[in-house]
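Trainee: Mind having a look at this structure? Questions to follow.
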Amino acid sequence: METPQKYITAEMKVLLIACCAGVFMMPFMSTMMNLALPSIESEFHVGSKALSLVLMVFLLASVTVMVPLARTSDIIGRKKIFIAGVATTLAGALIGILSPSFEILLVSRFVMGAGSAALSVSSVAMLTDAFPLEKRGLAIGIQSTFIYVGIALGPPVGGFICDHFEWRYLFLFMIPIAIFALIFILRYKKETRSDAWKTMDYRGALIYGATIMTTMIGVINLPNIWAIAMIAVGLVMLLFFIRTMKRTNSPILEISIFKHRVFSRACIAAYMNYAASHSVGFFMSLYLVNLAGLSQSEAGMILLIQPLFQVFLTALFGSISDHIRDKRILPTAGMTIICVGVLMIMFLKIEYNMFYVIALLTLLGIGYGMFAAPNTNAVMSALPPKNRGEASAMIALVRQIGMMTSVGIAGCCIVLIMGSADNLTDPDTWESFIRVIQTAFAICLAMCIVGTFFSWFRGDTPKKKDARV
């Protein structure tokens, strides 16, 4: 492991700006794409099942390469992986602008998913390396805030573009942001890596990629019988992957990190959080446009409420987590509030009640703002410096897998109850759609309750000196 480096405030600021710009891009693009789906459907003449691939291919790419990229960053340097992530994102945006077919658009989303993974696994690890323990929660909170700024700005910007221009202009917005991130990361002169002396575990990377790909393809294609079979095969492959990692001298993932109770249970809480609530944006977009009769721009403004609260509260609670002794309190309180918000979604009716929708989105925003940065801070502070790349990857991995699980639950409920959501413009389908929402979020509420349990019974983060040294 490298000798700890001395960081100055100016370097911290440059790194923080680069990381904030990097993580801003992906949620910004993803939430814009939600409102572009009708336009994409019209141009390429595809159905709702194919449209879901626009979102799922991005997530599938990111989870497939996340752990190998984290290991690579430990060996060759986290700054290099961050730069590669920016460059890959730029390439994906250019492909998206020029997409002549739906298949090429999916390629663009896959490339951008890989770029997102590189940015996710390197940014949190670099911030943890650079910032001392007493400032770490604030730094992670500020970075998390920009994730939510991206989520917040995506719907109104995406809705405006889709109403007045064509959807390809969405990708154009990514280029200046990517260049901005690249300029600042190149100004940052430090490079950190924890395992420069080790070699890459290519065999483990292949097994991991195949395992994740098999399992997640099964999840997003439920309730098909073959999808259930793929999940079963994926779980068997997971056991083989764990066994292989235990017998490898330089594994792509140190399985021993899951023996840390705080780390493993905080990861479970994060997974349950995203699995329980990520599909809110998907369902609310359909509900507001079809049942409530709002335009895409109006729906975007309503959906802005949740991430706005996250923007204003995430850095605040991240800073508070630096100074509160019991690190369980804030994440668990946040999960509890999210449980209430998810429960409220189950009581949506065909008749649109704007104040009720605003109330539930407000609760979800407060809960997310209270959970995200404090939970990440606890995860990153629970492990020694040599495991920070892996810890950063696991934070991003459980988030992405949780998102895919949430979308999988949504798709499964739609297929079982409605068959398809293609005809939501027909009022005869609205009652069935409300049943879909009730069923999906009953499952999500159960997961959220489990996440709250694990968040509290994780144990407290032990006091220790600045983990950078």
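Trainee: Over the stretch 1-130, calculate the relative contact order: mean separation of alpha carbon pairs under 8 Å at least 6 apart, over the residue count, as a percent.
Mentor: 32 percent
Trainee: Expressed in nm to one decimal, what extension gain is obtained for the pair Ala87 and Glu191 from 0.36 nm per residue of sequence separation less their Cα-Cα distance? The partial results should precede the final answer.
Mentor: Working: separation 104, 0.36 × 104 = 37.44 nm, distance 1.79 nm.
Gain in length upon complete extension: 35.6 nm.
Trainee: Continuing with this model, one more query. Which of the peptides 440-448, 285-293 is most tightly packed, and how do the rest follow, judged by the mean count of other Cβ atoms within 10 Å per residue? Before the final figure, lay out the partial values.
Mentor: Numbers: 440-448: 21.4, 285-293: 19.6.
Highest mean packing first, the order is 440-448, 285-293.
Trainee: Sort 341-347, 9-15 by the packing proxy (mean of other Cβ within 10 Å over each peptide's residues), most packed first.
Mentor: Details: 341-347: 19.9, 9-15: 15.7.
Highest to lowest by the protection proxy: 341-347, 9-15.
Trainee: For the stretch 201-251, what relative contact order do you get, as a whole percent, if you take Cα pairs closer than 8 Å and at least 6 residues apart? Can you show the working numbers first?
Mentor: Working: 42 pairs, mean separation 21.0, N = 51.
That works out to 41 percent.
Trainee: A further question on this structure: Once label points are set 7 Å from the Cα along Cα→Cβ at both Glu134 and Val46, what is their separation, rounded to one decimal in nm?
Mentor: Between Glu134 and Val46, the simple spin-label model gives 5.2 nm.
Trainee: For a distance above 16 Å, tell me the whole-number percent of Cα pairs in the stretch 65-139 that qualify. Please report the intermediate quantities before stating the final value.
Mentor: On the way: 1478 of 2775 pairs.
Cα-Cα pairs in the stretch 65-139 separated by more than 16 Å: 53 percent.
Trainee: Still on this model: Order of 137-148, 247-258, 27-38 by packing, highest average Cβ count within 10 Å first?
Mentor: Values: 137-148: 25.3, 247-258: 16.0, 27-38: 23.0.
By packing density, highest mean first, the sequence is 137-148, 27-38, 247-258.
Trainee: If you fit an axis through the alpha-carbon atoms of helix 78-97 and take the longest principal axis of the Cα set of the chain, what angle between them do you get, 0 to 90°, nearest 10?
Mentor: 20 degrees
Trainee: Dipole magnitude of the chain about its Cα centre, charges +1 at Lys/Arg Cβ and -1 at Asp/Glu Cβ only, in debye to the nearest 20? Can you show the working numbers first?
Mentor: Numbers: 36 positive and 25 negative charges, 477 e Å.
Taking the Cα centre of the chain as origin, the dipole is about 2300 debye.
Trainee: May I ask for the Rg/Rh ratio of the stretch 201-251, computed from Cα atoms with Rh as the Kirkwood radius, given to two decimals? The partial results should precede the final answer.
Mentor: Details: Rg = 12.0 Å, Rh = 11.2 Å.
Rounded to two decimals, Rg over Rh is 1.08.
Trainee: Here's another thing I want to ask about it. Counting alpha carbon pairs within less than 8 Å and at least 6 residues apart, what relative contact order, in whole percent, applies to the chain?
Mentor: Values: 844 pairs, mean separation 114.2, N = 469.
Dividing the mean separation by the residue count of the chain yields 24 percent.
Trainee: Could you line up Trp456, Trp226, Trp167 from fewest to most neighbouring Cβ atoms inside 10 Å? Mind dumping the intermediate values first?
Mentor: Details: Trp456 17, Trp226 9, Trp167 22.
Neighbour counts put them in this order, fewest first: Trp226, Trp456, Trp167.
Trainee: Using mean projected area of the Cα convex hull in nm² as the read-out, say which of (1) 25.9; (2) 36.8; (3) 19.8 was calculated from these coordinates.
Mentor: So the calculated entry is the one marked (3).
Trainee: Give me the angle, in degrees from 0 to 90, between the Cα long axis of helix 202-220 and the longest principal axis of the Cα atoms of the chain, rounded to the nearest 10.
Mentor: That works out to roughly 20 degrees.
Trainee: So how much slack lies between Thr362 and Leu206, counting 0.36 nm per residue of separation and subtracting their Cα-Cα distance, in nm? Before the final figure, lay out the partial values.
Mentor: On the way: separation 156, 0.36 × 156 = 56.16 nm, distance 4.21 nm.
Full-extension gain reported as 51.9 nm.
Trainee: To test your reading of the geometry: what angle, between 0 and 90 degrees and rounded to tens, separates the Cα axis of helix 133-164 from the longest principal axis of the chain?
Mentor: 30 degrees
Trainee: Would you mind checking the pairs Lys80/Lys327; Lys259/Lys327; Lys246/Lys327; Lys190/Lys386; Lys135/Lys246; Lys79/Lys327 and listing those with alpha carbons more than 27 angstrom apart? Mind dumping the intermediate values first?
Mentor: Working: Lys80/Lys327 32 Å; Lys259/Lys327 18 Å; Lys246/Lys327 30 Å; Lys190/Lys386 17 Å; Lys135/Lys246 35 Å; Lys79/Lys327 29 Å.
The pairs that break the limit, which is 27 Å between Cα atoms, are Lys80/Lys327; Lys246/Lys327; Lys135/Lys246; Lys79/Lys327.
Trainee: Counting other beta carbons within 10 Å of each residue's own, what order do Leu98, Leu106 fall into, fewest first?
Mentor: Working: Leu98 12, Leu106 18.
Sorted ascending by nearby Cβ count, the order is Leu98, Leu106.
Quick note: the coordinates plus some simple rules give every number you see, no bench work behind them. Keep in mind the model is a prediction, meaning the values are calculated, not measured. Cβ sites come from the backbone with ideal geometry, for glycine too, and all protein chains shown count toward neighbours.
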